[in-house]
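Since every read-out is calculated from the coordinates, none of them should be taken as a lab result. Model, not experiment: these values are computed from the prediction. All Cβ positions, even for glycine, are placed from backbone atoms using ideal geometry, and neighbour counts span all protein chains on display.
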């Protein structure tokens, strides 16, 4: 991974925001900028320095994973070690990740700085690192593609083993077990197996409900390889599909295929969303498509760009994101089809290969 290149881009963004240093606390941002994947620590980045502050549990790991950083061993609470670190900086504007730091933590941070007599001024910042993460490097694309392959094979596996009489929880466990055996790290989000009326809930949790013939089953899964996620959804139907299912499924599939065919580099997330939404609205299901068309996937299963109404995120080469239209009819069920695509050379390439029933 190109840590020096990532730091260079971050420092350019800091200069544009007139930030002299930044304290990075968000776990995925911390890993992206340093390579360190321990569960505790902060990055302090200035135009010249890159410091990783963590406790004794992780100092050896940090030294191995983040060779571009000076490792600062912390002892006790933040109030015990931050003043010593802050004393190096002098009179500067220190940015902190406002979207990750809670109000209570912000007050604590301010109190620590004030008590230490530091000349730092705290500046809340948002969206400094996340846009960098949205453009994937070749190594990242390779890892994401591997996570997609694991999920693809898991969907093929569940299509073979799922049958009426199994519970949603049983199916979810069969999927998770399969993916772990194929090399996945702990799954990036709880697997969704939603049958019958439950499939009308976009984020339903697997329950003890027994899956029956003659109903839709929405399965939404993701694998994780070396920290990078995948996110795929297929909708199955046990037995012979009825008229309603055929109409809803064909509408969702048509919306997805239209979006994939018409997406172009430079489009906004809102423009991309409208490509699929128009198909669903024309079929009379506009009110039943209540979420956005997709989202970026990487170190987090949901990250930039956002594809949905009012999103002004611009699609660019190197981005990997989902295309996942859906229709949800309370009392009957729902259909969602989700694939992961990569944008490069102005065109879209579909990464996921799982069969669409």
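How high is the FRET efficiency from residue 209 to residue 73, r the C-beta distance, R0 56 Å, rounded to 0.05? Result of the calculation: an efficiency of 0.65. Sequence gap at least 6, Cα distance under 8 Å: using those rules, report the relative contact order of the range 1-134 to the nearest whole percent. Relative contact order here is 25 percent.
Legend: ranking of residues 77, 149, 231 from fewest to most surrounding C-beta atoms inside 10 Å; resulting order 77, 149, 231. Here the range 256-357 is described by how far its Cα atoms reach on the three principal axes: 41, 28, 25 Å, from widest to narrowest. Can you tell me the 0 to 90 degree angle between the C-alpha axis of helix 138-161 and the longest principal axis of the chain, rounded to 10? That helix lies at roughly 30 degrees to the long axis. Take every pair of alpha-carbon atoms less than 8 Å apart whose residues are at least six positions apart; their mean separation over the length of the chain yields a relative contact order of 14 percent. Helix 3-16 and the longest principal axis of the Cα set of the chain meet at an angle near 80°. Test of understanding: in a Gaussian network model of the chain with alpha carbons linked when under 10 Å, which of 58, 228, 249 would top the mean-square fluctuation ranking? Comparing 58, 228, 249 in a Gaussian network model of the chain, the most mobile one is 58. Were the residues from residue 302 through residue 264 laid out at 0.36 nm apart, the gain over their Cα-Cα distance would be 11.6 nm. Based on alpha-carbon atoms, the Kirkwood radius and the radius of gyration of the range 3-133 give Rg/Rh equal to 0.92. Cα axis of helix 269-282 to longest principal axis of the chain: angle in degrees, 0 to 90, nearest 10? Tilt relative to the chain: about 20 degrees.
Kirkwood-type hydrodynamic radius, the range 75-130: 11.8 Å, calculated from all non-identical alpha-carbon pairs.
Evaluated at q = 0.15, 0.30, 0.33 Å⁻¹, a Debye calculation over the C-alpha positions of the range 292-334 (equal weights, vacuum) places log10 I(q)/I(0) at -0.44, -1.06, -1.17.
Our compactness index for the range 196-313, the C-alpha radius of gyration over the empirical 2.2 N^0.38 Å, is 1.16. Taking all C-alpha pairs of the range 183-246, those more than 19 Å from each other amount to 39 percent.
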